[in-house]
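Accompanying notes for the structure given below.
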Amino acid sequence: MAGIGQRFLFVYAVGLTCVVIILLLSAAAAPKANNFDEITVHRINVVEPDGTLRMVISNHAKLPGVIVRGKEQPPSDRPQAGMLFYNDEGSENGGLIFGGRRNAQGEIVDSGGSLSFDQYDANQVVQLAGVDDKEDKFAGIIVNDSASAGMNHRRIWVGRGDDGAAVIQLMDAKGKKRISMEVAADGTPRLVFLDADGKVVNQLVPAKAR
């Protein structure tokens, strides 16, 4: 009986070892579930372990309205797709959006992109934007003063406007343009100083352009 028992244990051990080896080899050969070459989705939500939303990558149809502390505000007209960023409290604090289409009249609308970052509990403070459609043609960098009370004054604009001029504009705390350095589309440069009412108080231009 002892011999039979020992042979049984030996066969059992060999069989179990073979099963374990086969399982290990199969696991090593099988691709991991989180490795893939391509994914097609309408929206991806990135969340913290507690469920707090930190980022959304979405098409136009699924792009959410403004979310503040985890609660989505009434839907707003966002004609773009893109990527939205959220702070530790689940409030939107910037994003990368882009779009472009033609309306029924064949006019280009909502064409462009924007990368922005928001002040805590307030509006955009830095924005890199480019728009080229039937209403606007500009590209540049915007720096704003932003406050939780809703005031959002532009302080710096560096870019190109509708008229093709390259411009650097500096505004005061109320958003009034005070200094403008420009190079027009024809190459004419000028430096303009303005008062709080927008009146030109001084300007510098090349002698031949006066």
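Quick look at the values:
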{"read-out": "Members of segment 38-92 that are among the polar types (S, T, N, Q) and touching a Gly at 6+ places or on another chain (Cβ under 6 Å)", "value": "T52, Q73, S76, Q80"}
{"read-out": "Single residue of V126, V131, V158 found to be more than 21 Å from P79 (Cβ to Cβ) and within 16 Å of the chain's Cα centre (by Cα)", "value": "V126"}
{"read-out": "Unique match (being under 23 Å from A129 (Cβ atoms) and loosely packed, with under 14 Cβ neighbours inside 10 Å) among A185, A196", "value": "A185"}
{"read-out": "When residues of segment 104-121 are limited to those that are of a type in the set (S, T, N, Q) and outside any strand (DSSP E or B), the one nearest to G140 (Cα to Cα)", "value": "Q119"}
{"read-out": "Among (1) of a type outside the set (G, A, S); (2) assigned to a strand (DSSP E or B); (3) touching a Phe, Trp or Tyr at 6+ places or on another chain (Cβ under 9 Å) - the single one D162 does not satisfy", "value": "(2)"}
{"read-out": "Set I168, I97: member being part of a strand (DSSP E or B), under 21 Å from the mean Cα position of the chain (by Cα) and either on the phi > 0 side of the Ramachandran plot or surrounded by 15 or more Cβ atoms within 10 Å (Cβ to Cβ) (or both)", "value": "I97"}
{"read-out": "Only listed residue being surrounded by 16 or more Cβ atoms within 10 Å (Cβ to Cβ), at pLDDT below 90 and within 30 Å of D88 (Cβ to Cβ), chosen from D110, D121, D145", "value": "D145"}
{"read-out": "Test: residue in segment 153-162 that is without any contact (Cβ under 8 Å) to a residue 24 or more places away in the chain and exposed (fewer than 13 other Cβ atoms within 10 Å of the Cβ)", "value": "no"}
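The values are calculated or read from the model by the stated rules, or taken from the named source; none is laboratory data. Only a predicted model underlies this, so the values are computations on that prediction, with no experimental measurement involved. Neighbour counts run over all protein chains shown; Cβ positions are idealised from the backbone, glycine included.
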